[in-house]
Amino acid sequence: MPHSRILASRRGMLKGFGGVSAVALAGCLGGSDGSDDEGQPSEPDRDEQEQLPSATIALDDDPTRDDWNYYGGVTPYWTNILEPLVWVSNEMELEPWLATDWEQVEETVWEFSLREGVQFHNGEEMVADHVVFSIEAILEEHAWAPGWLHIESGSTVALDDYTVEFTTTDPFPTFPGTIAHNMVAIQHPDRDHTEDNVIGTGPFMVDAIDQQQEVQTVAFEDYWDEEPVLDELVFRVIEDPNTRALSLENREIDIALSPPRSRIASIEEDDSMFLERQSRPGAGYVGINLHKSPTDDTTLRRALNHAISQETIVDTVLEGVGEPARGPISPIIYWSAHDEIETYEKDDDRAAELVDESSYDGETLSILVANDMVDGSEMAQVLEGSFSSIGVETEIQVLERAAYSEAERDGEAHLILKESGSNSGDADYIIYEGFHSDGDVNQRLYRDEGTGLHNLGGEVDELIETGFQTADEDTKADAYMEAQHHIADEAVTIPLYYSEFIAACHENIDGLELGAIPQFSRWTSLEHWE
Amino acid sequence: MWKFVLRRAGTSGFVLAGVSIITFLLMFFTPGDPAETILRQQMGGQTPSTEAIEQFRDAQGLDDPIPLQYLDWIGGVLQGDLGNSYYSDTAVSQLIIDNLWPTLELAVAGMVVALLIAVPTGVISAVHKGGSLDYGSQLAALLGLSMPNFWLGYLLMLVFAIQLSLLPTSGYGSFDQLILPAITLGTGMAAIITRLLRSSMLEVLDEEYIQTARSKGLRERVVVYKHTLRNALIPVITIVGLQFGYLLNGAVIVEIVFQRPGLGRLLIDSIFARDYPIVQGLVLVIAVFFVVTNFLVDVTYRYVDPRISFEGGDR
């Protein structure tokens, strides 16, 4: 509780400056540092208001779907009912959570010390056996879990009540970051995931679940950390973004996560609402097929880069949500080379010259877009127009997600519009999956034909491996930075924007703490005023 | 009557078998590997390992020859087992039952709205043919037809939820949460029925027996509602029957905009997720529904218009 008061006053002060910053930022939307509410014009006088015991948050995702063990079906997603051993800060740093400490004792052996005195919602104390149970349950129920966590059944052992030992199948330095993931939350063995009987350690407990509608939670009095301000928190499912915004306007909900971009301006102008922003470890970019003619020509790829204005895309298509990107890795990831990367300035004349110098002879390039990418089609149209003005013809191919994935991996398109991101404290796989020859998108063509999509191979593969295999942050940053320089020099991508997570709130809400990984948002300091 | 029922049951069996085979084949020829898609979804977008994909394919029998997979599936169906979802392992029949009621409720409410609007409008329009009432209702019908469902949904929310604060914007469970979705879904349908009823009424009004009825000195109200409307309703019933089936699927957008559970959403989500067992089970159930509706429409004809017989000349 004391923490939340300090926070509230800090926010109060920030809000005092809110009006000034709103004006200052009006001309340069997107220049947000992801901190507090630029959108709030004035500080409401809380002295005359009473606190309310509950609040309702509208999600764009359905946490009631299927049972509580599945990814989309919210193990602990959004609701903070379950918690992992390791937490992720908004600077993408790992923080002790249910584990207070961890150590790599051998190349493949990790020892985690558990926090003492943590209680489950059923009153039992969390001990090492519960961690073993939770990990074993994931391994047993999900075929993909062993490959993802690099552990097998039987290799998680309770050394004593508060120490757990994990043995990975191979040296895996990003293990702590990988389990800093909501999917790897600690659950009590008495939970019944098919009956929505959830027993975790989080600040909120399940009260009632209304399928496809809402999850009602209540504060857990014996929570080990700062107890929530609110007594009740309701997570309402409203998947349609416009309906979410209208529900906020109608006061049926207090916070709408990810409101539609088309309504941002009106939310910011409305005194009864404000917009909260938070940078995410994600980026939108065009991946260029390096192994298909004519985009196998570096000169042409550089030309395409010079044709694009990231600022225009962020200001127009994205309505200022996000920041113009310089590389494919978000700067909130500590090893991102954002500050060092040379950019290709928007320069149509230079671009046209490069097109002439290149091997391009008028063929139509394809731009592949997934139908569920928010604003993907609009962005593709902007790209199409920009390329056309430097004499490169393109056609947009919008495919439904599964078909898009297939077409991408088969290397059918020249240009692929995509978004990267991380849902855990391990952000290393972003560079591996996108740019290593054996990474997700390149793997199929690389293994079948020795080619790939966005992989430069050779030295870049080695640099990515070095970064991936080291636990030393400086070595990692150096290796990845070098790899990112190569990626930029060879124009493997056209960076577009760095992602931002936004929420629209009613002005009677204080203390909202959005997470850089949105699902890691905390709700304990949330206050609701009359 | 029984001969008719038996014959219809026979053809229905063929239709359903055909539907099941075609759906099965279509799903397998659709790009996008279900193993990879489902696993990726379970992992929140991360890449499943090749081993995990192989294990999944093996466990679900996805590597078996397609005819064998079909026989496996249809064998289960004939014993009342529609299989389990790839994604969540929930029984498909359970998912369908869970989602059936909300969709049915919406479809019935939508149809009620449609008929409440369409019957009086259609009749008035026909009776006052060429008058301002007729033009007005035709214009309204045109508007109703051309207005996209989702747009009307937002518009209704703006007016009734935000401006007038009478109804909630979205959700499922209470009667007031059903009103706006029902109006959204019902208006498009109302437009179709109005136009159909109008032309059908005009046709019947021209018939000789109507002239006779009038010449006998019957009151216009009796002529219109007892003699004309009853006969004019026959083609309308066909459309209502068929449209009711479409309502079950067509409710998808309304279900999404108003955050309602339902079969339409279930189907769309499953198609995108490549969750074949749900898609196949659901398509089959919808096909059964259409076949049954058609049958009921035929039977209803018999009662509305005794000239149509079950024996010779079945329609």
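The values are calculated or read from the model by the stated rules, or taken from the named source; none is laboratory data. Only a predicted model underlies this, so the values are computations on that prediction, with no experimental measurement involved. When we count neighbours, we look across all protein chains shown, and the Cβ atoms used for this are built from the backbone with ideal geometry, even at glycine. These accessible areas exclude ligands, DNA and RNA; they are computed on the full protein's heavy atoms, side chains included. Shrake-Rupley method; radii C 1.70, N 1.55, O 1.52, S 1.80 Å.
Placing unit charges on C-beta atoms (Lys and Arg positive, Asp and Glu negative, everything else neutral), compute the dipole magnitude of segment A:211-308 about its Cα centre in debye, rounded to 20. Could you put the intermediate results ahead of the total?
Numbers: 10 positive and 20 negative charges, 250 e Å.
Using only the charged Cβ atoms, the result is roughly 1200 debye.
The Kirkwood hydrodynamic radius of segment A:454-530, based on inverse pair distances between different Cα atoms, is 16.0 Å. For segment A:289-331 and segment A:348-382, write down the distance between their C-alpha centroids in whole Å. If you average the Cα positions of each part, the centres end up 9 Å apart. For segment A:467-530, the residue among A:His506, A:Thr475, A:Gln519 whose Cα projects farthest onto the positive side of the dipole built from Cβ charges is A:Gln519. Computed on protein heavy atoms with a 1.4 Å probe, the accessible areas place B:Tyr209, A:Tyr162 in the order B:Tyr209, A:Tyr162, largest first. What is segment B:24-85 by shape, rounded, prolate or oblate, if you read a ≥ b ≥ c off the alpha carbon gyration tensor as root eigenvalues and call it rounded for a/c under 1.5, prolate for a/b larger than b/c, and oblate otherwise? Cα axes put segment B:24-85 in the prolate bin. Using only side-chain charges placed at the Cβ, +1 for Lys and Arg and -1 for Asp and Glu, the dipole size of chain A relative to its Cα centre rounds to 820 debye. Taking the three principal axes of the alpha carbon atoms in segment A:231-276, the coordinate ranges are 31, 22, 18 Å, sorted in descending order.
For segment B:192-267, compute Rg over Rh where Rg is the Cα radius of gyration and Rh is the Kirkwood radius from the inverse mean 1/r over Cα pairs. Walk me through the numbers before you get to the answer.
Details: Rg = 18.5 Å, Rh = 14.7 Å.
Dividing the radius of gyration by the Kirkwood radius yields 1.26.
Which value, in debye to the nearest 20, describes the size of the charge dipole of segment B:160-217 about its Cα centre when Lys and Arg Cβ atoms bear +1, Asp and Glu Cβ atoms bear -1, and nothing else is charged? Walk me through the numbers before you get to the answer.
Values: 4 positive and 5 negative charges, 20 e Å.
Using only the charged Cβ atoms, the result is roughly 100 debye.
Accessible area per residue of chain A at 1.4 Å probe, in Å²? Write out the running numbers ahead of the final one.
Details: 19500 Å² over 530 residues.
Heavy-atom SASA per residue in chain A reads 37 Å².
Both the radius of gyration and Dmax for segment B:130-177 are 14.5, 44 Å, in that order, over alpha-carbon atoms. Of all aspartates and glutamates in the structure, those lying under 20 Å Cα to Cα from A:Lys346, and not within fewer than 8 positions of it along the same chain, are A:Asp297, A:Glu311, A:Asp315, A:Glu319, A:Glu323, A:Asp356, A:Glu357, A:Glu378, A:Glu384, A:Glu393, A:Asp489, A:Glu490. Extent along the principal axes, Cα only, for segment A:375-530: 63, 43, 30 Å, with the longest axis given first. To the nearest Å, what is the center-to-center distance of segment B:1-59 and segment A:78-108, using C-alpha atoms only? What the calculation gives is 40 Å, centre to centre.
Considering only A:Met373, A:Thr194, A:Gln49, the residue lying farthest towards the positive end of the dipole of chain A is A:Met373, judged by Cα position with unit charges set on Cβ.
Distance between the modelled labels on A:Glu357 and A:Glu93, one decimal in nanometres: 4.4 nm (7 Å Cα→Cβ projection). For segment B:159-208, the normalised intensity computed at q = 0.20, 0.23, 0.27 Å⁻¹ comes to -0.72, -0.83, -0.96 (log10 of I(q)/I(0), Debye sum over alpha carbons, equal scatterers, no solvent). Given in Å, the Rg to one decimal and the Dmax to the nearest whole number for the Cα atoms of segment A:191-256 are 13.9, 38. What the Cβ-Cβ distance of B:Glu207 and B:Leu143 gives, at R0 = 41 Å and to the nearest 0.05, is a FRET efficiency of 0.85. What is the pair-distance distribution P(r) of chain B, computed from all Cα-Cα distances in 20 Å bins starting at 0, with each bin given as a whole percent? P(r) over chain B, rounded to whole percents: 26, 48, 22, 3, 0.
With only Cα atoms counted, segment B:70-211 has Rg and Dmax values of 21.1, 65 Å. Label-to-label distance for A:Thr100 and B:Trp151 is 6.3 nm, based on points extended 7 Å past Cα in the beta-carbon direction. Evaluating kT/(6 pi eta Rh) at 20 °C and 1.002 mPa s, with the Kirkwood radius of segment A:83-125 over Cα pairs in the Stokes-Einstein relation, gives 183 µm² s⁻¹.
In Å², and per residue, what accessible area does chain B have when probed at 1.4 Å with the other protein chains present?
Numbers: 15410 Å² over 315 residues.
About 49 Å² of surface per residue is accessible.
The largest-to-smallest principal axis extents of the Cα set in segment A:415-495 are 34, 27, 24 Å.
Treating r as the C-beta distance of A:Gln381 and B:Trp101 and R0 as 35 Å, the FRET efficiency rounds to 0.25.
Computed over protein heavy atoms with a 1.4 Å probe, the carbon and sulfur contribution to the accessible area of the protein assembly as shown reaches 53%.
Taking all protein chains as shown and a probe of 1.4 angstrom, A:Asp271 keeps an accessible surface of around 110 Å².
To the nearest 0.05, how large is the calculated FRET efficiency for A:Glu340 and B:Val15 if R₀ is 51 Å and r is the Cβ-Cβ distance?
Once rounded, the FRET efficiency stands at 0.20.
For chain A, the square roots of the Cα gyration tensor eigenvalues, ordered a ≥ b ≥ c, give a/c of at least 1.5 with a/b no greater than b/c, which places it in the oblate category.
Give me the log10 of I(q) over I(0) for segment A:165-298 at q = 0.10, 0.15, 0.19 Å⁻¹, as the Debye formula computes it from C-alpha points; what are the numbers? The Cα Debye sum returns log10 ratios of -0.62, -1.06, -1.23. When A and B come together, around 3200 square angstrom of accessible surface is lost from both chains combined, probe 1.4 Å.
Rounded to two decimals, the Cα-based Rg/Rh of segment A:118-243, with Kirkwood Rh, is 1.01.
Take A:Arg444: with every protein chain present and a 1.4 Å probe, its accessible area is about 70 Å². Here, segment A:283-391 yields an orientationally averaged convex hull projection of 7.3 nm² when only Cα atoms define the hull. Ranking A:Thr299, A:Val314, A:Ile332 by Cα position along the charge dipole of segment A:224-373, where only Lys, Arg, Asp and Glu carry charges on their C-beta atoms, puts A:Thr299 farthest toward the positive end.
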